[in-house]
1. Would you confirm whether or not the stretch 239-260 contains a residue that is of a type in the set (Val, Ile, Thr) and under 33 Å from the mean Cα position of the chain (by Cα)?
2. Taking the condition among the aromatic types (Phe, Trp, Tyr), in contact (Cβ under 8 Å) with a residue 12 or more places away in the chain and open to solvent by less than 40 Å² (accessible area, probe 1.4 Å), does Phe176 pass?
3. Which pairs turn up if I take residues in the stretch 225-237 that are on the phi > 0 side of the Ramachandran plot and look for partners that are among the polar types (S, T, N, Q) with beta carbon separation below 9 Å, at least 6 apart in sequence or on another chain?
4. Quickly run through the stretch 117-136 and pick out the residues that are in contact (Cβ under 8 Å) with a residue 12 or more places away in the chain and either touching a Cys at 6+ places or on another chain (Cβ under 9 Å) or open to solvent by 50 Å² or more (accessible area, probe 1.4 Å) (or both).
5. Determine whether the stretch 187-196 contains at least one residue that is open to solvent by 60 Å² or more (accessible area, probe 1.4 Å), without any contact (Cβ under 8 Å) to a residue 12 or more places away in the chain and under 43 Å from the mean Cα position of the chain (by Cα).
6. For the stretch 258-344, please list each of the strands (runs of 3 or more DSSP E) lying entirely inside it that holds at least 1 residues being open to solvent by 40 Å² or more (accessible area, probe 1.4 Å).
7. Does the stretch 360-377 contain any residue that is more than 24 Å from Ser400 (Cβ to Cβ) and assigned to a loop (DSSP other than H, G, I, E, B)?
8. Being touching a Phe, Trp or Tyr at 6+ places or on another chain (Cβ under 9 Å), outside any loop (DSSP other than H, G, I, E, B), open to solvent by 10 Å² or more (accessible area, probe 1.4 Å) and touching a residue at least 24 places away in the same chain (Cβ under 8 Å), is that true of even one residue in the stretch 453-460?
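The values are calculated or read from the model by the stated rules, or taken from the named source; none is laboratory data. Every value quoted in this text rests on a predicted model; they were computed, and no experiment measured them. No Cβ is skipped: glycine too gets one built from the backbone with ideal geometry, and neighbour counts run over all protein chains shown. We work out accessible area using only protein heavy atoms, side chains counted, and drop any ligands, DNA or RNA first. Shrake-Rupley method; radii C 1.70, N 1.55, O 1.52, S 1.80 Å.
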Amino acid sequence: MPNSNTMTFKQKLARVFDDNLRTSQWYNIVDYVIIGLIVISTLEVFFSTFDGIVARYNVWLKAVDYITTAVFTIEVSLRIWCADLIDERYKGFRGRLRYCFSFYGLIDILSTFPFYVSLFFPVPYTALKTFRILRLLRVFRYVKAFNVLARAVKSKQKELVVSLEFLTIVTLLLSFVLYFVEHDAQPDVYDNGWVSVAWSFLQYIGDPGGFADTPPVTPIGHIVAVIVGLLGIAIFAVPAGLIGSAFSEVMEEDEAEKELKETQQKIVRSFKFVHDQHYTRMYFVPRYVPLTTVSSDRFLTKLQIFKTIEQSDCLHLYNLAKTLNKQDNPVDKMVLVNFAKNTDYGCRIDRDSNVTIVCTSGYTEPLAGWFAYHVAKLGGFNYVGREIETDPYTPTSYYSISPDARCPNLPKFIDDINLLSNKENTWVITIIGTEGARNRPSQLHFCYNSQKQDASYNDPQSRVHDYESFDRMYKEVERVMPERFGLVPDKNEWYGISQKNIAHSLIAENVFTLRVAGFVLAYDEALCGIAKQMADIFRESFEPGKAEPQPPEMMKRQTNHDFGMPDYVD
């Protein structure tokens, strides 16, 4: 398996090669350097067509050729290597081959690697220069107008195919009619059907080579010629109309996407860091912001907010009533939750720790996701959080995995957890919420055995092996949490870990679950302190001697950089 440093470097390369010139990230410098080298390489090919310039500056022209080719070789090779992070379709060996035969991948290869072929085999000069000039096509990946055109054509490809099929069939019918009526009048000219077919189709492009200089002479032939002429107008008018309407649709989509991003940014700025003055003295992203607050403070209608959240990759809409038990008479209250996303399923952060905090239910329990994220951040632990649901109408649980689960992100989710815990003395802690009633005697439920009401340390199905460290951790929780926060823990009293639990799909040496009462996640004002305390206990128990993290953005307010998860630095 690749180590974390290699993965981090690869992820940075994926951002470098995102082909987006309209972001604020410094990686755009690389994009502009590539464009500049493409222009220089094209100019070198152009100047090499002048004998006088070649005779005088041949050494410089060759130097430009060798340098640009070397740079493009490195760039193209790196693009192929990190293609799987740019698009999941290019994962694995076959995926890399698929990338190499994609439009831009093929242009990259043809415009770069034939140079090396010429070192070992005789390649015609003209062919070599032709391949090299293909580098100019690489600029298209950065040109918005070309991307808009490609999207417009793609959106209307079915209509274009239908119109082309109709035109082809009608033209063939007219061609056969033309042959039958002209064969008697001009037997030497229309001696077979190919002549009439060639004449009809070549009229659409004006017969530039004079290959179909066989005009009809009969009245019916003239009528066919008129119809073919009208079709010649339609062959350009219909696609032009389709692509023109598609252009408008694509531009409207871009405008709607721009408006959505602006609205999302307004919403995210509602998550201004709060200062936990009582428990931690640190700055936190609020666990949620009420819907009415966002609407009134940002002058946004609820419809605008709903549409934005539906398309958003960092916002959840959540009803706090879902965190409570029915016997507590919950009242509906809609809130917005901001989450971090850097993978298809949600968030993955590698802090090179022996402890990995996992949130399997961030989509259905976003407050548990917020809590798990902060426990990992404040403890300096790895984090894997599931925030994205591929099918909101039939959500798939990542905590209790059904044998027939078909969620496409689940294998990647499990693989990432295993990648982070592929070392000795590792711990995976799953944090989820629970809808237990307020009158329950305990609020922090530690689950590690297969059966509830079994607090022993001898269950053969348990995924905890280092019971000494686990017991030390639990005793510290039992000592500190009731006294400081009024939260009572229990071991397997209310819940167990079934055979369907994700714990049985992980390779870590120790796996257990922390269930937190929903009303604590939703309403306890000390939640920031609870997250910090749990992080400290986990670190002292499972990674003794590890220094306490001091995230700078949480220690001191950063002016204009204290809004939502994007301003957290990991």
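1. Initial filter on the stretch 239-260 (of a type in the set (Val, Ile, Thr)): 243, 250.
When the remaining residues are screened for being under 33 Å from the mean Cα position of the chain (by Cα), the result is 243, 250.
There is at least one residue in the stretch 239-260 that is of a type in the set (Val, Ile, Thr) and under 33 Å from the mean Cα position of the chain (by Cα).
2. No; evaluated as a whole, the condition is false for this residue.
3. Pairs that qualify, where the first residue is on the phi > 0 side of the Ramachandran plot and the partner is among the polar types (S, T, N, Q): there are none.
4. Taking the stretch 117-136 as the starting set, the residues that turn out to be in contact (Cβ under 8 Å) with a residue 12 or more places away in the chain are 127-129, 131-136.
Hits for the stretch 117-136 are Phe131, Ile133, Leu136.
5. Among the residues of the stretch 187-196, not one is open to solvent by 60 Å² or more (accessible area, probe 1.4 Å), without any contact (Cβ under 8 Å) to a residue 12 or more places away in the chain and under 43 Å from the mean Cα position of the chain (by Cα), which makes the answer no.
6. Hits in the stretch 258-344: 274-276, 315-319, 334-338.
7. Checked the stretch 360-377: no residue is more than 24 Å from Ser400 (Cβ to Cβ) and assigned to a loop (DSSP other than H, G, I, E, B).
8. no
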